[in-house]
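So the structure is just underneath, and the comments pick up after that.
The values are calculated or read from the model by the stated rules, or taken from the named source; none is laboratory data. Predicted, not measured: the structure shown is a model, and the values here were computed from it. So basically every Cβ, Gly included, is an ideal-geometry build from the backbone, and we count neighbours across all protein chains shown.
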Amino acid sequence: MAIDRNKVIADMSKVKAEPNPDGIIPAFNVLVNQFPANFWNRFSMRMMDAVSGDIKEAVEELLVNAAHECGYHTGYGIITSKEWDAAVKPMVGGVEDVLHGAYAVFTAWGWAKAEIVELVPGKRMVVRAYDYYEADIAKDYPAKKAPRPMAFMIRGVSAAFMDLAYGGDYDPAGQKGLYTFRCRQTKGIEVGDAYGEFVVVPSSEY
Amino acid sequence: MIMAALKLTHRFDADSCRHYVGDLVSVLHCHHYATLFTQLAIDSRDLVDGIRILREVTEDVVHGVLKGYFAQNGIADAAERLALGQQLFSFYGMGKMSLVAPGAGGGTVEMGTAHVDEGWKKKWGKAAAPVNHIGAGFIAGLFASAYDKPPRSYKVEEKQSRAMGADKSVFAVSL
């Protein structure tokens, strides 16, 4: 059975993050927060704008890395959760379905309205994002256009999803399995394209 | 005085697939993300003042959210504003804070739990120095919005840290 993307989005978008009496939201084996999206964007923007040259590349990689680790651990928490078991697992026939389901959840939770448009198992994945909060960063730049693609979160999480699919068993310590794939952003709404595009390949081919 | 309860509406826009809390786009992120942003801010100290950026960004966002909320709901009393800000902190999943003798000149803030600190310990174990710069920025934004002051009005110093092993985090707030 193929993944019914619209059904997954409809079901999983209803999952609520409720803080416990201590103001903490434990969910999917991690602690969750629900800060406004502009917090994440503004930090990325100010950090990137504060540096130049090679240092800018280094800061960009660190921002992507934050999402890569987040996507690896939280992604594993999602695909092993009771919510996943109820809404997605019955449609899963193989690893590729897990990936398609993961992007439906990714969409449902407001990270990006994104889907896989090309998938060569274990080798390459191309993702398109038609709406994503990181594109809003353009609003704070002159002419409402970012100076470079800045969807660092989508890049990191996309690489992490391929790690989970093809990088071997999940490692809670992140010593193995993590960073077997990397992602490059080839288009971005924030730089004037109609959609964001993300190409994930093995780290050795990056 | 009976304190008002924070009322925030959540909606999912099925067309854009975005979540909104009140008027703002909201997104779920995990402690890995928050602590790695914090680590990046700390580690970048030789290149850029990342800690200042992290604190200021948090302060600006929180100040904006609370000023808007107070205006829309006609909340003018400072004590009520502070109480609502404390509720917002927990609503965001950032932990639980209590205020000790707060006033326009500052005060003390204690946290029995903090997302960044609990996340830091879960991810890396004890920290060598205070790390809850997001929490400090939140406090600065809370006090400034409660007392009708602009951002950067308050200095916030983390005197005691749960990430370092203390039972509670303690922040000193001053003008």
For a quick check of your reading of the model, give me the residue pairs whose first member lies in the stretch A:1-15 and is more than 17 Å from B:V21 (Cα to Cα) and in contact (Cβ under 8 Å) with a residue 12 or more places away in the chain, whose second is polar (S, T, N, Q) and outside any loop (DSSP other than H, G, I, E, B), with beta-carbon atoms closer than 8 Å and at least 6 apart or on different chains. A:R5/A:T107; A:I9/A:T107
Could you check the stretch B:108-123 and list, in sequence order, the residues that are part of a strand (DSSP E or B) and of a type outside the set (G, A, S)? B:T108, B:V109, B:E110, B:M111, B:T113
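Can you go through A:K144, A:K187 and tell me which one is on the phi > 0 side of the Ramachandran plot and among the charged types (D, E, K, R)? Spell out how you get there, then give the answer.
On the way: A:K187 fails: on the phi > 0 side of the Ramachandran plot.
Within the list A:K144, A:K187, the selection yields A:K144.
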Could you list, in sequence order, the residues of the stretch A:71-98 that are over 26 Å from B:F37 (Cα atoms) and buried (at least 23 other Cβ atoms within 10 Å of the Cβ)? A:A87, A:V88
Considering only residues that are touching a helix residue (DSSP H, G or I) at 6+ places or on another chain (Cβ under 6 Å) and among the aromatic types (F, W, Y), which ones fall in the stretch B:108-146? B:W120, B:F138
Pairs only if they're at least six apart or on different chains, beta carbon under 8 angstrom, first in the stretch B:17-28 and more than 7 Å from chain A (Cβ to nearest Cβ), second of a type in the set (D, E); list them, first residue then second. B:Y20/B:D13
More than 14 Å from chain B (Cβ to nearest Cβ), under 16 Å from A:D49 (Cβ atoms) and not small (G, A, S): is that true of A:Y166 in this structure? no
Being surrounded by fewer than 18 Cβ atoms within 10 Å (Cβ to Cβ) and in contact with a His (Cβ under 8 Å, 6 or more places away or on another chain) is the requirement here; does B:R55 meet it? no
I'm trying to understand the selection: among the residues of the stretch B:106-126, which are touching a strand residue (DSSP E or B) at 6+ places or on another chain (Cβ under 7 Å) and more than 23 Å from A:E18 (Cα to Cα)? B:G106, B:G107, B:T108, B:V109
Can you tell me which residue among A:G93, A:G53, A:G75 is over 14 Å from the mean Cα position of the chain (by Cα) and modelled with pLDDT of 90 or more? A:G93
Given the conditions (1) over 26 Å from B:V170 (Cβ atoms); (2) modelled with pLDDT of 95 or more; (3) crowded, with 22+ Cβ neighbours inside 10 Å, report the number of the one that B:V27 does not fulfil. (2)
Answer with yes or no whether A:I55 is farther than 23 Å from B:K123 by Cα and within 7 Å of chain B (Cβ to nearest Cβ). yes
Sole miss for A:D131 among (1) within 23 Å of A:V32 (Cα to Cα); (2) at pLDDT below 95; (3) of a type in the set (D, E, K, R) is condition (2)
Among A:V199, A:V126, the single one that is touching a Lys or Arg at 6+ places or on another chain (Cβ under 6 Å), in contact (Cβ under 8 Å) with a residue 60 or more places away in the chain, surrounded by 13 or more Cβ atoms within 10 Å (Cβ to Cβ) and closer than 24 Å to B:R18 by Cα is A:V199
Given (1) over 24 Å from A:V30 (Cα atoms); (2) more than 11 Å from chain B (Cβ to nearest Cβ), A:E83 misses just (1)
Look through the stretch B:73-126, keep the residues that are surrounded by 24 or more Cβ atoms within 10 Å (Cβ to Cβ) and among the small types (G, A, S), and return whichever of them is farthest from the chain's Cα centre (by Cα). B:G119
Considering only the stretch A:131-153, state which residues are away from every other protein chain (no Cβ under 13 Å), closer than 15 Å to A:E197 by Cα and part of a helix (DSSP H, G or I). none
Among the residues of the stretch B:65-100, which ones are under 30 Å from B:W120 (Cα atoms), of a type in the set (G, A, S) and touching a residue at least 60 places away in the same chain (Cβ under 8 Å)? B:A83, B:G85
For the stretch B:34-45, does any single residue satisfy the condition of being in contact with a strand residue (DSSP E or B) (Cβ under 8 Å, 6 or more places away or on another chain) and more than 8 Å from every other protein chain (Cβ to nearest Cβ)? no
